[in-house]
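The values are calculated or read from the model by the stated rules, or taken from the named source; none is laboratory data. Computed from a predicted model, the values in this text were never measured in an experiment. Cβ placement follows ideal geometry from the backbone for every residue including glycine, while neighbour counts extend to all protein chains displayed.
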Amino acid sequence: MKKSCIFFLMLLAVLSIGSLSARVTKMDGLKIAIRMADSEIKQFPDPWTVDFNPKPVWNYTQGLIALSMVQLWQVTKNQDYYNYAERYALHFIDPEGSIMGYKPDEHNIDAVNSGKFLFKIYETSKDQRLLKAIKFLRDQLNVQPRTSEGGFWHKLRYPHQMWLDGLYMGAPFYAQYAAENNESAAFDDIVNQFAVVHKHTYNAATGLNYHGWDESKVQKWADPITGCSPNFWSRAQGWYAMALVDVLDFLPQNHAGRPKLIEILNQVAAGIKKHQDPATGLWYQVLDQGNRQGNYFEASGSSMFVYALLKAVRMGYISKEYKETARKGYSGIVKNLIRENNDGTISLTKCCSVAGLGGTPYRSGTYEYYISEPVRDNDPKGVGPFIMASIEMKYP
């Protein structure tokens with residue numbers, strides 16, 4: 001009897017893996033989104049710990065997971081996902097709308113990102129502290145340092161620098177606030193953020209954008225002529241692509257800058273497609289150097305690309321031919337980067353834990369730098385976009 005039970009359990013495990021593969025064939029992404037979200041909640045019962053933080057922290061990574069949970073709640077109506085996101089908000093925001101641990105004098109645009117999921121939580125709960133926090137984050141943008149052309153600095157300690165990451169951190173929140181509060185003048189500023197960064201970081205030969213740009217050209221990583229960092233990092237390009245499709249949700253249809261953003265999005269989509277691995281459908285950590293030793297298929301960038309392409313096709317911003325590119329990428333993620341665990345959960349593997357430019361210890365932006373950063377499972381910068389990409393897979 002015991003041997004039969006053991007055999008039965010082993011059979012279930014095999015069938016579970018087979019079932020996941022079958023769902024890839026059927027492209028049933030919503031079921032996979034639910035499995036990933038449930039796995040995330042099981043592994044990190046407290047939402048502020050999703051970035052493996054020993055202490056509670058308000059940061060873009062937690063906000064990214066919270067946003068993905070809110071989106072999944074909207075589709076499934078499962079209150080558990082809403083509650084998970086709301087717990088994060090209420091843990092940090094006091095009755096006056098102040099955010100625990102937030103340091104406005106750092107002018108860190110990363111911290112604005114977590115404001116995005118608050119809109120839907122406030123709309124549902126009508127909790128006034130959330131409205132105050134949203135307003136607080138919006139006011140932060142009023143004093144954010146800028147380049148000479150009006151682009152937001154990434155952080156005060158990174159002077160004169162725009163990073164692709166920062167477009168996702170600030171612009172979609174800024175656009176949603178403007179749309180919901182009749183700040184029509186803000187849309188010109190939002191479009192300009194993309195115009196400035198694209199002007200300086202886009203490389204027509206590759207179809208990709210450099211990770212960062214230093215207007216002052218004094219950083220050691222900056223090209224002395226262009227001010228650009230030396231390489232095309234997968235996740236930076238992914239942040240940028242997601243920023244474009246999300247901002248367009250809120251930019252008025254008749255705004256003069258809308259065609260410009262759609263033009264940029266089409267250039268970005270073409271670059272993403274160009275550098276997709278034809279065998280697996282995945283994308284490398286350093287996008288244009290797949291044949292170099294040490295490069296690897298990276299989960300967060302790949303998930304971001306799938307999300308951005310699927311949404312852009314669904315919204316009619318790019319050609320329908322990109323749907324096949326995205327579906328191939330999604331299948332590649334599930335087949336190669338999702339692991340079935342013994343406790344019934346699933347994990348997203350091969351996530352670059354972090355990458356940046358400058359700072360201490362110094363980050364050079366070289367190829368060797370990007371491939372040497374730690375790789376881990378279930379990094380929120382991969383899990384959040386993977387859940388969102390999985391939700392997008394449900395659309396015909």
**OP:** Sort through THR206, THR124 and tell me the only one that's assigned to a loop (DSSP other than H, G, I, E, B), on the phi < 0 side of the Ramachandran plot and surrounded by fewer than 20 Cβ atoms within 10 Å (Cβ to Cβ).
**Re:** THR206
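In region 233-246, is there at least one residue being of a type in the set (Asp, Glu), within 22 Å of PHE117 (Cβ to Cβ) and crowded, with 20+ Cβ neighbours inside 10 Å? Don't jump to the end; show me each part of the working.
First pass over region 233-246, keeping only residues of a type in the set (Asp, Glu): 246.
Going one step further and asking which of them are within 22 Å of PHE117 (Cβ to Cβ), we end up with 246.
Among the residues that remain, those that are also crowded, with 20+ Cβ neighbours inside 10 Å are: 246.
Among the residues of region 233-246, at least one is of a type in the set (Asp, Glu), within 22 Å of PHE117 (Cβ to Cβ) and crowded, with 20+ Cβ neighbours inside 10 Å, which makes the answer yes.
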**OP:** Return yes or no: is ASP46 more than 27 Å from THR349 (Cβ to Cβ), in contact with a Lys or Arg (Cβ under 9 Å, 6 or more places away or on another chain) and modelled with pLDDT of 95 or more?
**Re:** no
Original post:
Can ALA66 be described as in contact (Cβ under 8 Å) with a residue 40 or more places away in the chain, of a type in the set (Gly, Ala, Ser) and part of a helix (DSSP H, G or I)?
Top reply: yes
**OP:** Take region 70-119 and flag every residue that is in contact (Cβ under 8 Å) with a residue 40 or more places away in the chain and out of contact with any helix residue (DSSP H, G or I) (no Cβ under 8 Å at 6 or more places or on another chain).
**Re:** ASP105, GLU106, ASN108
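Can you confirm whether region 74-83 contains a residue that is part of a helix (DSSP H, G or I) and either buried (at least 18 other Cβ atoms within 10 Å of the Cβ) or in contact with a Phe, Trp or Tyr (Cβ under 6 Å, 6 or more places away or on another chain) (or both)?
Looking only at region 74-83, we keep the residues that are part of a helix (DSSP H, G or I), and these are 74-76, 79-83.
If we keep only those that are either buried (at least 18 other Cβ atoms within 10 Å of the Cβ) or in contact with a Phe, Trp or Tyr (Cβ under 6 Å, 6 or more places away or on another chain) (or both) too, we end up with 81-82.
So far as region 74-83 goes, yes, one or more of its residues are part of a helix (DSSP H, G or I) and either buried (at least 18 other Cβ atoms within 10 Å of the Cβ) or in contact with a Phe, Trp or Tyr (Cβ under 6 Å, 6 or more places away or on another chain) (or both).
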**OP:** Could you grab me the full set of residues in region 114-159 that are more than 23 Å from the chain's Cα centre (by Cα) and of a type in the set (A, V, I, L, M, F, W, C)?
**Re:** LEU131, VAL143
Subject >> Residue count, region 10-43 (criterion: of a type outside the set (Gly, Ala, Ser) and either touching a strand residue (DSSP E or B) at 6+ places or on another chain (Cβ under 8 Å) or at pLDDT 90 or above (or both)) >> reply: 13
Subject >> Single unsatisfied condition, GLY358 versus (1) over 15 Å from the mean Cα position of the chain (by Cα); (2) surrounded by fewer than 16 Cβ atoms within 10 Å (Cβ to Cβ); (3) closer than 17 Å to ALA236 by Cβ >> reply: (2)
Original post:
If you go through region 147-194, how many residues are aliphatic (A, V, I, L, M), closer than 22 Å to GLN219 by Cα and surrounded by fewer than 16 Cβ atoms within 10 Å (Cβ to Cβ)?
Top reply: 1
Original post:
List, please: which pairs have Cβ atoms under 9 Å, are six or more places apart or on different chains, and start with a residue in region 245-263 that is more than 18 Å from TYR168 (Cα to Cα) and modelled with pLDDT of 95 or more and end with one that is exposed (fewer than 12 other Cβ atoms within 10 Å of the Cβ) and among the hydroxyl-bearing types (Ser, Thr, Tyr)?
Top reply: PRO252/SER184; HIS255/SER184
